[in-house]
Amino acid sequence: MLFLLAACQSDPALRSTRIGPAYYQLVADRCHVMDRAQLEQDLQALAERACPGRAGTLQNLQSRPSRQGSLFGECLRRGALQAEVRCLP
């Protein structure tokens, strides 16, 4: 039971990487995905946190293989989405 709870604590896994001046690559990875719009909302929220001012429009959205998973297979609808964002002044 403890393993099941531990596996879901990192859901969603959000990561931002600076790839240039005021330019970030964002990744949202979820164990339980309802639809693509849910991942896009995760990315938009991450963009707003990554940018000190305002976040621009998400660009270059691409599906990625999810890295979520566990020994017991509770991640039945996993998914990941990647995007880039330029921060606005």
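A few points about this structure:
- Qualifying residue in segment 77-89 (condition: polar (S, T, N, Q), in contact with a helix residue (DSSP H, G or I) (Cβ under 9 Å, 6 or more places away or on another chain) and modelled with pLDDT under 95): no
- Among (1) surrounded by 12 or more Cβ atoms within 10 Å (Cβ to Cβ); (2) touching a residue at least 24 places away in the same chain (Cβ under 8 Å) - the single one GLN38 does not satisfy: (2)
- Scope segment 8-26; condition within 8 Å of the chain's Cα centre (by Cα) and either modelled with pLDDT under 95 or open to solvent by 40 Å² or more (accessible area, probe 1.4 Å) (or both); matching residues: PRO12, ALA13, LEU14, ARG15
- Qualifying residue in segment 14-34 (condition: of a type in the set (Asp, Glu) and closer than 11 Å to ALA83 by Cα): no
- Of all residues in segment 13-46, exactly one satisfies the criterion of being closer than 14 Å to PRO89 by Cα and of a type in the set (Gly, Ala, Ser), namely ALA22.
- Count of segment 32-62 residues which are over 15 Å from ARG15 (Cα atoms) and either at pLDDT 85 or above or among the basic types (Lys, Arg) (or both): 12
The values are calculated or read from the model by the stated rules, or taken from the named source; none is laboratory data. Just so it is clear, the structure is predicted and the values come from calculations on it, not from any experiment. Reconstructed Cβ throughout: ideal geometry from the backbone, glycine too, with neighbour counts over all protein chains shown. With ligands, DNA and RNA removed, areas are computed over all heavy atoms of the protein, side chains included. Shrake-Rupley method; radii C 1.70, N 1.55, O 1.52, S 1.80 Å.
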